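Q: Got a structure for you, written out below as structure tokens; questions coming shortly.
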Amino acid sequence: MLAAPAWAQDSLVPSGQPVELFDVLVDEDGTTRWRFLAPEVRSLDSDAVLDDMQALCETFVLPSLDGEEEGERIIVSLMDIPVEFGKITPEARQHFEVYTLENGTCIWEMF
């Protein structure tokens, strides 16, 4: 699934906040969770956060994949402090969005 791990690389997003890949998890159904540390996410409005996550999906996640993921689901998350996956951490600010990969782009799944 992943062409090569891209651990701990900085990435530039539209808001200009610093963002670093924290980890990548793969669910049993094949959904990949790309979790990014974004210490300034708490200070952004929801539109800026959504723009940053879309940019991360298209400019960071897609190039890291091997190209065989058409129709797969990607979850991009931003967190202001490191959070263990699945652990309730009330002091953390986290944002999650789900995307489907179609025609070489990330399509936001609105619920």
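Q: Taking the alpha carbon gyration tensor of the chain, what are the square roots of 5 times its eigenvalues, largest first, to the nearest whole Å?
A: The equivalent ellipsoid of the chain has semi-axes of 21, 15, 14 Å.
Q: Non-local amide H neighbours of LEU65 (under 5 Å, H modeled in plane, Pro and chain starts lacking H): which ones?
A: Under 5 Å from the amide H of LEU65 lie the amide H atoms of ALA3, each far enough along the sequence or on another chain.
Q: From the protein chains alone at 1.4 Å, what is the descending order of accessible area for LEU56, LEU62, largest first?
A: Values: LEU56 0, LEU62 35 Å².
My answer, sorted largest first, is LEU62, LEU56.
Q: Relative contact order for segment 32-85 using alpha-carbon pairs under 8 Å, separation at least 6, rounded to a whole percent?
A: It rounds to 70 percent for segment 32-85.
Q: Output ³J(HN,Hα) for segment 15-22: one whole-Hz value per residue in order, computed from phi by the Karplus curve 6.51 cos²θ - 1.76 cosθ + 1.60 with θ = phi - 60°, and x for Gly and Pro.
A: 6, x, 5, x, 9, 9, 5, 8
Q: Related question: By what distance, in whole Å, do the Cα atoms of segment 64-111 stretch along each of the three principal axes, largest value first?
A: 38, 25, 16
Q: Of all accessible surface on segment 30-111 at a 1.4 Å probe, what whole percent is carbon and sulfur?
A: Carbon-and-sulfur percentage of accessible area, whole number: 52.
Q: Another one. Points 7 angstrom from Cα along the Cβ direction at GLU68 and SER43: gap in nanometres?
A: Reported label-point gap for GLU68 and SER43 is 4.3 nm.
Q: Still on this structure, please answer the following. Quick one: work out the % antiparallel among DSSP beta bridges in the chain, nearest 5.
A: 75
Q: Using Cα pairs closer than 8 Å and at least 6 residues apart in sequence, work out the relative contact order for the chain, in percent. The partial results should precede the final answer.
A: Working: 204 pairs, mean separation 28.4, N = 111.
Relative contact order of the chain: 26 percent.
Q: Quick one: which residues, 5 or more positions from PHE22 or on another chain, have an amide H under 5 Å from its amide H? H modelled 1.01 Å from N in the peptide plane, none for Pro or chain starts.
A: The answer is ARG35, PHE36, LEU37.
The values are calculated or read from the model by the stated rules, or taken from the named source; none is laboratory data. This structure is a prediction, so every number in the text was calculated from the model and none was measured. As a convention, Cβ positions derive from the backbone with ideal geometry for all residues, glycine included, and neighbour counts pool all protein chains shown. SASA here: full protein model, heavy atoms, side chains in, ligands and nucleic acids out. Shrake-Rupley method; radii C 1.70, N 1.55, O 1.52, S 1.80 Å.
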